[in-house]
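The values are calculated or read from the model by the stated rules, or taken from the named source; none is laboratory data. Because the structure is a prediction, the values reported are computed rather than measured. No Cβ is skipped: glycine too gets one built from the backbone with ideal geometry, and neighbour counts run over all protein chains shown.
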Amino acid sequence: MSTLIGYVQSARPDLTNRQMALLMLVYLTDGPHTVRGLAAKLRVSKPVVTRALNTLGALGYLRRQKDESDLRNIFVERTQTGTQFLEEFAGLIERAEKNGANRQRSKQDESRTTH
């Protein structure tokens, strides 16, 4: 819960679940990624992916690139800004896990001293 609270309180833009799922799919799976392929993997329509890409592209987290060999295809590519965003988000999760583990140890230590 503290991870989400930290994220909400940060200056980072709020992403929808679909946008975050799309972003993570592109960053955590091997490419090349196409709008059609991403829509199939997420089991949503191409317009849903396109709308999410519009936002993620405006934020600089993903980039569209035309397939020069087949102009009907659009590749979706990672960006440095998107990598940085996900690294910072991972840092929030790691800190929350570490704080949770520390609280758990403190409770265990406290329990041992009172019994």
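Pick from L25, L15, L4: which is modelled with pLDDT of 95 or more and not acidic (D, E)?
One residue alone meets the criteria, L25.
What single numbered condition from (1) in contact (Cβ under 8 Å) with a residue 12 or more places away in the chain; (2) among the charged types (D, E, K, R); (3) out of contact with any helix residue (DSSP H, G or I) (no Cβ under 6 Å at 6 or more places or on another chain) fails to hold for E68?
Among (1) in contact (Cβ under 8 Å) with a residue 12 or more places away in the chain; (2) among the charged types (D, E, K, R); (3) out of contact with any helix residue (DSSP H, G or I) (no Cβ under 6 Å at 6 or more places or on another chain), the lone unmet condition for E68 is (1).
With the structure loaded, tell me whether E87 is at pLDDT 90 or above and not in a helix (DSSP H, G or I) or whether it fails that test.
No; evaluated as a whole, the condition is false for this residue.
For residues in the stretch 26-39 being of a type in the set (A, V, I, L, M, F, W, C) and crowded, with 16+ Cβ neighbours inside 10 Å, which is nearest to L86 (Cα to Cα)?
Ranking the candidates gives V26 first.
Return yes or no: is R18 loosely packed, with under 12 Cβ neighbours inside 10 Å and out of contact with any Lys or Arg (no Cβ under 7 Å at 6 or more places or on another chain)?
On the way: loosely packed, with under 12 Cβ neighbours inside 10 Å: no; out of contact with any Lys or Arg (no Cβ under 7 Å at 6 or more places or on another chain): yes.
Answer is no for this residue.
Okay, residues lined up against (1) surrounded by 12 or more Cβ atoms within 10 Å (Cβ to Cβ); (2) modelled with pLDDT of 95 or more; (3) part of a loop (DSSP other than H, G, I, E, B):
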{"residue": "A11", "(1), (2), (3)": "no, no, yes"}
{"residue": "K41", "(1), (2), (3)": "yes, yes, no"}
{"residue": "A58", "(1), (2), (3)": "no, yes, no"}
{"residue": "S69", "(1), (2), (3)": "no, no, yes"}
{"residue": "E77", "(1), (2), (3)": "yes, yes, no"}
{"residue": "G100", "(1), (2), (3)": "yes, no, no"}
{"residue": "D109", "(1), (2), (3)": "no, no, no"}
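Which of the numbered conditions does V49 fail, given that it passes all the others? Conditions: (1) in a loop (DSSP other than H, G, I, E, B); (2) within 14 Å of L15 (Cα to Cα); (3) of a type outside the set (K, R).
Here V49 meets the rest and fails (1).
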